[in-house]
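What follows is calculated from the coordinates using simple rules that are stated; it is not laboratory data. Values in this document were obtained by computation on a predicted structure and should not be read as measured data. Glycine gets a Cβ as well: all are built from the backbone with ideal geometry, and neighbour counts include every protein chain shown.
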Amino acid sequence: MRHPFHLVEQSPWPILLSLNLLFTLLSLVSYLNGYNHSLINVRLGIVLLTLIILLWFYDIITESLYMGFHSFAVSKGLILAFFLFLATEVLLFVSFFWGYFHSAFNPTDLIWPPVGVELINPWSIPFLNTLLLLYSGIAATWAHHSFISSDRVSSLKGLSISIFLGVIFFILQLFEYFNSTYDISDSVYSSAFYLLTGMHGFHVVVGVSLIIAVFIRLYLHQNPTVFYDLALIYYHFIDIVWIALFILIYYMAY
């Protein structure tokens, strides 16, 4: 029976990704519990994770671009799957914010943040990072409008600016961590702070990686229409989460 859907062939990537995630998680738990050489396994797991994802994405691009399997019905399914994934991301950050405010409204010593925690000035690196991420999102949006208008050169320029600003954001975030006076184990505030900002930083890495993938495909004269749209939506989601972080975690606590 003829149908517009793509029946995916057997692939090694799902099982390899699952096993690698298990290996990386166990290595991370071992490292946090002080086992020797566990950090090497964590780094190896991250490298293998990156490699598997790249190879899996390469197969998907091949199916779409060269084999023509991504019909309109398939594209609708991919878009639906992306928005379901985005809903899980929203709930993930909601749970983290919930944990933070549960501790903030019920502090152990009736003081929040706890005594001895030297807070980061929100108008220093956090505010600069806010501007960087917002301008990065604006540049990506400009690049997308240029792409729609068939202005490939302007689109590549906008993507380049967006990638550059996103990388600077991540570097400044690491600089803030290295110069902070507290670490993740000092208090419930510091644990929630590093969990929220660290998870957001991870999402920035993923978002910038998606923008880089769009840049490469556009540079190679491919037509990443659906991928471009979804990558841009994901990047704006990261912007929104950071604004919430800046207001609720940096500004209100300070």
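The distance between label points at Tyr254 and Val94 comes to 2.9 nm (points 7 Å beyond Cα on the Cα→Cβ vector).
Please order Met199, Met252 by the number of other Cβ within 10 Å, starting at the fewest. All intermediate terms of the calculation are to be shown ahead of the outcome.
On the way: Met199 16, Met252 11.
Ascending number of Cβ neighbours within 10 Å: Met252, Met199.
Close amide H contacts of His70 (hydrogens built in the peptide plane, cut-off under 5 Å, sequence separation of 5 or more or a different chain): none are found.
Highest mobility in the GNM of the chain, judged by mean-square fluctuation with C-alpha springs under 10 Å and restricted to Leu218, Leu210, Leu19, is found for Leu19.
Note that region 51-103 shows a convex hull volume over its alpha carbon atoms of 74 Å³ per residue. Pairs of Cα atoms nearer than 8 Å and 6+ residues apart set the relative contact order; for the chain it is 20 percent.
Rounded to the nearest angstrom and listed largest first, the equivalent-ellipsoid semi-axes of region 1-70 from its Cα gyration tensor are 36, 12, 6. Here the scattering of region 1-117 is modelled by Debye summation over its C-alpha atoms, one equal scatterer each and no solvent; at q = 0.12, 0.18, 0.20 Å⁻¹ the log10 of I(q)/I(0) is -0.75, -1.09, -1.15.
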